[in-house]
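Working notes, beginning with the structure itself.
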Amino acid sequence: MTVAFGLSFVATKYALRGFEPLLLALLRFSLAGGILWVVWRFRRGPERVSRRELCCLALLGFVSLTVYFSFENLGIARTSASEAAILIATIPLSVICWVTDDSISVLAVAHHRRRPGYWRGRE
């Protein structure tokens with residue numbers, strides 16, 4: 001999985017030679033969505049998804065995938081694949097989360113150029 005993640009930046013940089021960044025994101029997720037739809041259609045057992053759940057999933061998919069990868073492709077088009085990978089890899093250094101079975105809580109976000117404990121004494 002790590003190798004596939006690392007190679008995705010190189011593959012994206014190579015694909016950007018022939019496609020615009022936003023068109024590449026559209027093609028990538030259209031292909032992935034088509035493959036997942038086929039897998040979903042041939043699954044055994046009924047899958048019950050309410051209209052509300054479907055709307056929430058569509059919004060989540062748009063924001064978390066489409067917007068993210070559109071900006072990633074735009075960024076990779078302007079820098080090298082290795083620099084983009086390093087920038088993406090540093091995201092966990094900026095956010096510390098606490099994950100439980102039913103929730104994810106953000107415990108801290110790095111405030112660059114601020115001293116540790118700067119929030120103490122505030123009301």
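Rule-based calculations on the coordinates, nothing more; no lab input. Remember, it's a predicted structure, so these values are computed and weren't measured experimentally. Cβ atoms come from the backbone with ideal geometry, glycine included; neighbour counts cover every protein chain shown.
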Low-density loop positions, trypsin sites (Lys or Arg not before Pro), segment 1-91 - DSSP coil, at most 12 other Cβ in 10 Å: 17, 43, 44, 48
task: Using all C-alpha to C-alpha distances in segment 2-92, build P(r) with 5 Å bins and read off the rounded percent in each one.
output: 2, 12, 18, 21, 17, 12, 9, 6, 2, 0
